[in-house]
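Q: Below: one structure in structure tokens.
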Amino acid sequence: MQFLVCLLESLKLGLSSFGGPVAHLAYFREAYVERLQWLTDERFAELLAVCQFMPGPASSQLGASIGYEKGGWLGAFGSWLGFTAPSAILMILFVTSMDTLNGLLGSGWVHGLTIVAVAVVANAVIGMQRQLCADVKGKLIAFVVAAILIVFQVSWLQPLLILLGGFLGVILFKVEVADTDEGVIKHPWFSIGILGCFVLGVVILSSVRFSNDEATMVGGLAKTGSMVFGGGHVVLPLLEAETVGKNLLGQEDFLAGYGLAQAVPGPMFTFSAYIGAFVGMAGSSWLGGVVGVGAIFLPGMILLMIGMPIWNAYKKIANIRAALKGASAAVVGLIFAALFSMLRLGVISNVLEVVLAVVFGVILYKKYLPVWMVVLVGASLGVGMDML
């Protein structure tokens, strides 16, 4: 039963979560924290911080971990499947020459969705700031993280800055832990041993040279899923090296798939479905797409299964709880910097779009309409503006 509940709720997100990984976090928060109340803002930020520390698709790992909170590992699988399947199917359909929305409606609907994404992210910053940076110390950490990311626009800084937030949290916050909490701390040596084996496996995978395109594709996607922190656009350089650099795709074909990945909902990692379908498996684009998705997502999900017991074992220690509070504030700074970057890149390019973004933001903030309906309105207005 919990599997179906998690599957259906995440399927709604998989069909409507446009705007990339930062927007996904905002959609997740609106659905799981505000509407469904499956977890608190503090737990949401805690899970997000853990997922940011681990290689793999951060938004998909976060969704799976929330599903785990609700329904165990079946809930986690249901949440991952619902969020991932819609965009993966769309990517495979594109490769198999099926009609796409771009062919029918033009590209304006995509831009309309980016305007909605800006409003969603802005609301996430406001809501999380109130919960996680209520005092001056938290705001200071968020400001420092945001300022660094705005000045130095490199994605690999994100996990390092969350670590910085955790370090500042130990210094700035004094968290008391009740004596009864200490009894739950156990050393997860089994998980730590598996983690060591996983790292060894990644090293071996990186050194192997495969003899055919199918094995090269699977190995390259698995390697990417094991080494990319944060997900989203961070995955692009390594994927290009593992595909174009190994002559699996031409540069033009690679960029066409990457462009489509911006237009579909769900995680950016489903770009792997396009790559898998393009290369194929046993002559089948569909089988290749499914295998491609499994290859890139599986390492991150294995890490999630390994990492959560380790985290749950040690999170009750006072200094770790203080670090978590600092890391949670750093996450707010990270999302604000991403919003600033979206605006700097010209997602909002004229007065009309500014007005639309503000109107969407107010609607979402006041909860006049559900998020999925705002997404549909934004797409429709984007088509209309494109026709003018």
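The values are calculated or read from the model by the stated rules, or taken from the named source; none is laboratory data. All values reported here derive from a predicted model rather than from experimental measurement. Cβ placement follows ideal geometry from the backbone for every residue including glycine, while neighbour counts extend to all protein chains displayed.
Q: Pick from Phe44, Phe28: which is among the aromatic types (Phe, Trp, Tyr) and closer than 25 Å to Tyr314 by Cα?
A: It is Phe44.
Q: To continue, here is another question. When only residues in region 209-238 that are part of a loop (DSSP other than H, G, I, E, B) and not aliphatic (A, V, I, L, M) count, which is modelled with the highest pLDDT?
A: The selected residue is Asn212.
Q: Residues being touching a helix residue (DSSP H, G or I) at 6+ places or on another chain (Cβ under 6 Å) and under 16 Å from Glu69 (Cβ atoms): count how many of those fall in region 1-15.
A: Count: 6.
Q: Follow-up. For region 338-388, give me each residue that is touching a residue at least 12 places away in the same chain (Cβ under 8 Å) and of a type in the set (S, T, N, Q).
A: Scanning region 338-388 gives Ser341, Ser380.
Q: Under the condition of being assigned to a helix (DSSP H, G or I), modelled with pLDDT under 90 and hydroxyl-bearing (Ser, Thr, Tyr), which residue from region 1-42 is surrounded by the fewest Cβ atoms within 10 Å (Cβ to Cβ)?
A: Selected residue: Ser16.
Q: Name the pairs whose Cβ atoms lie under 7 Å apart, with the first residue in region 217-228 and without any contact (Cβ under 8 Å) to a residue 40 or more places away in the chain and surrounded by fewer than 22 Cβ atoms within 10 Å (Cβ to Cβ), the second part of a helix (DSSP H, G or I) and of a type in the set (Ser, Thr, Tyr), and 6 or more positions between them or separate chains?
A: Lys223/Ser206
Q: Out of (1) without any contact (Cβ under 8 Å) to a residue 24 or more places away in the chain; (2) of a type in the set (Gly, Ala, Ser); (3) outside any helix (DSSP H, G or I), what's the single condition that is false for Gly294?
A: (3)
Q: Working only within region 343-358, note down all residues that are more than 18 Å from Trp109 (Cβ to Cβ) and surrounded by 13 or more Cβ atoms within 10 Å (Cβ to Cβ).
A: If the condition is that a residue be more than 18 Å from Trp109 (Cβ to Cβ) and surrounded by 13 or more Cβ atoms within 10 Å (Cβ to Cβ), then Leu343, Val354, Val358 are the ones that fit.
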